[in-house]
Amino acid sequence: MIRLKMNPLTESATLLRRAGVVLGSVGLTALFSLLVLLRALFGRLNRPIVDQYCREWSASLLRLVRANLTVRGHVPDFTDGRRYIIMCTHASHYDIPVTFVSLPGSIRMLAKKELFSIPLLGQAMRAAEFPSVDRSNRQRAVRDLDKARAMMESGIVLWAAPEGTRSPDGKLLPFKKGCFHLALDTEAVIVPVAVRGIHRVLPARTWQINLGQPVDVRVGEPLETVGKTKADLDEVMAEVRSRLTGLLGDGEAG
């Protein structure tokens, strides 16, 4: 078990502090996006640098809200040559920074295509090898899938949220099939990760920021998909849901 301690004081942020967190988060995101783009412009951007920036950005965001982070479970060896996809619960915008800080490897979020249209951030994500799979366009989806597979074969660990949207109370929402299709198509190892308590930091669809919240990251037993086909899709989804439910425990399972 890895234990990462941050400020344990818990309090609801004042309006001024909330504004500081929001502005600080936007500023940090813009800064690291600019650093990525400048390095890319001068041909000095590589994967280890992106990994470092992702973790520094994430740690800075978590310090702004004084998250008290604990990591439990056995983290797989992401450098063993297999393809990996992290399937994580999704109850806050902070799930992704928490994952970057908690787990090793070259982790990249499987992003919604809309994020790539955000000025500065979108261009930086492309330069930093953040993939997107657009299944609304078959030809584009095939190209996106081939690109995602090549990224995974080169060592990229994909992060995906099977729920597709943020849960307001930490309970599991119904799963969407997209990332499971990707896992089967690439014969990836699925690593279930549950983040307990993260919904209290910034509840979905609110601006209520709570400082010093305990956040418990639980890494589950990996699930192999080699040899599985589309006929096994429902079974794989059910098994991942069962493992995430177990990791969340009774308090936050749905």
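The values are calculated or read from the model by the stated rules, or taken from the named source; none is laboratory data. All figures in this text were calculated on a predicted structure; none of them were measured in a lab. Cβ coordinates were reconstructed from backbone atoms using ideal geometry, including for glycine residues, and neighbour counts include every protein chain displayed. Accessible surface is based on the protein model in full, side chains and every heavy atom, while ligands, DNA and RNA are left aside. Shrake-Rupley method; radii C 1.70, N 1.55, O 1.52, S 1.80 Å.
Annotations
- Of all residues in the stretch 69-118, those being part of a loop (DSSP other than H, G, I, E, B), open to solvent by 40 Å² or more (accessible area, probe 1.4 Å) and within 20 Å of Leu202 (Cβ to Cβ) number 3.
- The set of residues from the stretch 166-179 being in contact (Cβ under 8 Å) with a residue 40 or more places away in the chain and either in a loop (DSSP other than H, G, I, E, B) or aliphatic (A, V, I, L, M) (or both) comprises Arg166, Ser167, Pro168, Asp169, Gly170, Lys171, Leu172, Leu173, Phe175, Lys177.
- The number of residues in the stretch 193-222 that are of a type in the set (D, E, K, R) and over 16 Å from the mean Cα position of the chain (by Cα) comes to 3.
- Only residues that are in a loop (DSSP other than H, G, I, E, B) and free of Cβ contacts under 8 Å to residues at least 40 places away in the same chain were counted in the stretch 137-165, giving 2.
- The single residue among Leu182, Leu244 that is more than 28 Å from Pro48 (Cβ to Cβ) and either in a helix (DSSP H, G or I) or modelled with pLDDT of 90 or more (or both) turns out to be Leu244.
Residues are listed down the side, and each one gets a yes or a no for (1) of a type in the set (S, T, N, Q); (2) touching a Pro at 6+ places or on another chain (Cβ under 7 Å):
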residue: Pro131; (1), (2): no, no
residue: Val142; (1), (2): no, no
residue: Met152; (1), (2): no, no
residue: Thr165; (1), (2): yes, no
residue: Pro168; (1), (2): no, yes
residue: Thr186; (1), (2): yes, no
residue: Ile198; (1), (2): no, no
residue: Thr206; (1), (2): yes, no
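- Where Asp169 falls short, out of the listed (1) of a type in the set (Asp, Glu); (2) open to solvent by 20 Å² or more (accessible area, probe 1.4 Å); (3) within 16 Å of the chain's Cα centre (by Cα): (3)
- Checked against (1) under 25 Å from Val50 (Cβ atoms); (2) in contact with a His (Cβ under 9 Å, 6 or more places away or on another chain), Val217 passes all but a single condition, namely (2).
- Subset tally (residues that are in contact with a His (Cβ under 9 Å, 6 or more places away or on another chain) and open to solvent by 80 Å² or more (accessible area, probe 1.4 Å)) for the stretch 134-163: 1
- Positions within the stretch 203-226 being open to solvent by less than 60 Å² (accessible area, probe 1.4 Å), of a type outside the set (A, V, I, L, M) and part of a loop (DSSP other than H, G, I, E, B), in sequence order: Pro203, Thr206, Gly212, Gln213, Gly220, Pro222, Thr225
- Taking the criterion of being under 24 Å from the mean Cα position of the chain (by Cα) and not in a helix (DSSP H, G or I), the residues of the stretch 30-48 that qualify are Leu45, Asn46.
- Flag for Met125 being part of a helix (DSSP H, G or I), open to solvent by less than 20 Å² (accessible area, probe 1.4 Å) and touching a helix residue (DSSP H, G or I) at 6+ places or on another chain (Cβ under 8 Å): yes
- Arg66 meets the conditions (1) within 17 Å of the chain's Cα centre (by Cα); (2) open to solvent by less than 70 Å² (accessible area, probe 1.4 Å); (3) at pLDDT below 95 in every case but one. The failed one is (1).
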